[in-house]
Amino acid sequence: MTKSSAKAARTKTADWWRGAVIYQVYPRSFQDTDGDGIGDIKGIIERLPYIASLGVDAIWLSPFFTSPQADMGYDVSDYCDVDPMFGSLADFDAMMKEAKRLGLKVIIDQVISHTSDQHPWFKESRASRDNPKADWFVWAAAKSDGTAPNNWLSVFGGPAWEWDGVRKQYYMHNFLASQPDLNFHNREVQDAVLDAVKFWLERGVDGFRLDTVNYYFHDKELRDNPPHAPDSEDAGLDAPDVNPYGMQSHLYDKTQPENIEFLKRFRALLDQYPDRTTVGEVGDGARSLKTVAAYTSGGDKLHMCYTFDLLGPDFTPSHIRHCVESFQKQVKDGWVCWAFSNHDVTRHVSRFVQQPQEREAVARLAISVLATLRGSICLYQGEELGLPEAELAFEDLRDPYGIRFWPAFKGRDGCRTPMVWEAGKTQAGFSTAKPWLPVPAEHATIAVDAQDSDDASVLAHYRATLGFRKAHPALIDGDMDFLPTNEDVLAFTRSKGDERLLFVFNLRRGPQEIALPKGQGARELLPMPGLTGTVVDGEIRLGPLDGVCVRI
């Protein structure tokens, strides 16, 4: 091997995340092996071969750390241990070993903007105003009339401040009152967080998904946020409008300039370990892409980010084109991770369908579109089965967000119900006990075993589509250019080296016939799984919710 080819090989290995397909596992709902109705790490080990069979490159594990579970594990009380409900560190190590054997990378959640109020750091911090960790969280005196220090709001409703009777001060919480925010202005806090990250790097994890990555720092002066101006870029979180959080422009409680230097520290630590990556969750309203650009530029901060742009109800060519082109325009040297579903939003099959009978067609078209976009992509467990959002009764809810805003907002439990493995078994093979959330009967009928040997299933379509993506280098990290079309058609080219592919997708519920775009001479129709579009005499003919791939 020549020096240049060896260097290219090393670069390819180091950049494995660029264009990767990442499968999100929500451990509570994936597979229960000990009969307590809650998924566990041994269950993940048991199902890793299934994940590998999809053709993905990596798994992303939602939190499994020690936690009181007030926010389903996003309230961490020990960053360096596994919660007993999920297993042990030995189980985690065994999972890592099996994932590596199967060729899967492992990315884990890092929830470091806040901790649980049961974390030893917070218990010490709240004990007095002069202990070693007194300044590890965001504390502030009450105003002269006893009210909160400023007007900041919590994402989960109400003020972002909670009174503590021991210190006789308020502490800040962007989320639940039991999730106090760490004070990243304190260098010792940064050091402690990075030590926790190093703990997992030493155990071999391949990357980190950084929860609420733009929430780490707050304004030192605690200035009030101004009201949200509808035509401004300083919007609130991409969240249901039942929450007054969106009525403010969040200029001071998040996305502070100091965050850049901390992300550089984070990256410097990762760069000490080969082939690691980061993906940041950015919730910053209309400013999100500017934030992504700042956080991923220069090669010295995050490797990639994702926003909430494609996690809403809009599944139209104009919206998809706007999101992708806006990213390409604003983020010059960064990288994006696209997704249609995750653990915080209604499943996309339910968001995008107009009639229940079109669910499978929408599921197929959605992954066909997602797999051809420029960027890395995230899949959320169960979407490969075409699972719709579960309809749950109020008494079954576990999500504190949903419970608080019911019935105006039903919360996030509908996308977190257990994975369905075997149609004829108790709880669809997820558990032998009553699970923490119900298994919908509708889900059980389309379980993995009901689709596994069916070449016409949504599951088979996902496998074939991901195989198609992997077989074409242009889809991994090639260029992407959109072509002018009517409002119901999405058309773009992907190109790398000598390979140039034209994709045309019909998102309408009726057939479409359009002329082959000017200057795009068709060399051959390239069969893409599930697509039935054709090219006849320079005209592209598409069925409802259909597409075509042409080598040009």
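Remarks
- Mean Cα-pair separation over length for the stretch 147-211, i.e. relative contact order, pairs under 8 Å, 6 or more apart, %: 18
- Cα centroid separation, the stretch 326-341 to the stretch 177-210: 25 Å.
- Built amide H within the under 5 Å cut-off of GLN24, gap 5+: TRP60, LEU379, TYR380, GLN381
- Shown is the FRET efficiency for MET247 and PHE394, computed with R0 = 30 Å from the Cβ-Cβ distance and rounded to the nearest 0.05: 0.70.
- Dipole magnitude of the chain about its Cα centre (Cβ charges: Lys, Arg +1; Asp, Glu -1), debye to nearest 20: 1440
- Degrees between helix 187-202 axis and first principal axis of the chain (Cα, 0 to 90, nearest 10): 50
- Label selected from [x] 79, 50, 49; [y] 73, 53, 48; [z] 79, 57, 50, the criterion being Cα extents along the principal axes in Å as computed here: [z]
- Computed E for TRP163/ASP224 - FRET, C-beta separation, R0 25 angstrom, nearest 0.05: 0.85
- Theoretical ellipticity at 222 nm over the chain - DSSP helices of four or more residues, -39500 (n - 2.57) apiece, nearest 500: -8000 deg cm²/dmol
- The HN-Hα couplings worked out from phi for the stretch 110-121 by the Karplus form 6.51 cos²θ - 1.76 cosθ + 1.60 (θ = phi - 60°) are 10, 9, 10, 6, 8, 10, 7, 6, 9, 5, x, 4 Hz, whole numbers, x standing for Gly and Pro.
- Full extension of the segment from LYS97 to SER318, taken as 0.36 nm per residue of separation minus the current Cα-Cα distance, would add 75.2 nm.
- Rounded FRET efficiency, nearest 0.05, which uses the C-beta distance separating ASP300 from ASP481 and R0 of 22 Å: 0.15
- The relative contact order of the chain comes to 12 percent, based on Cα pairs under 8 Å that sit 6 or more residues apart.
- Between helix 3-14 and the chain: long-axis angle, C-alpha atoms, 0 to 90°, nearest 10: 60
- Taking packing as the residue-averaged number of other Cβ atoms within 10 angstrom, the listed peptides 406-419, 95-108 run from highest to lowest as 406-419, 95-108.
- Percent RCO, i.e. relative contact order, over the stretch 478-551, from Cα pairs under 8 Å lying at least 6 residues apart: 31
- Contour minus Cα-Cα distance for GLN330 and LYS470 (0.36 nm per residue): 47.7 nm
- Listed residue (PRO226, THR465, ALA14) projecting farthest to the positive dipole end of the chain, Cβ model: ALA14
- Proximal lysines relative to LYS143, as straight alpha-carbon distance under 18 Å, when same-chain residues fewer than 8 apart are discounted: LYS168, LYS220
FYI, it's all coordinate maths here, none of it is from the lab. From a predicted model like this one, the values you see are computed outputs, not experimental measurements. In this analysis, Cβ positions are derived from the backbone assuming ideal geometry, glycine residues included, and neighbour counts consider all displayed protein chains.
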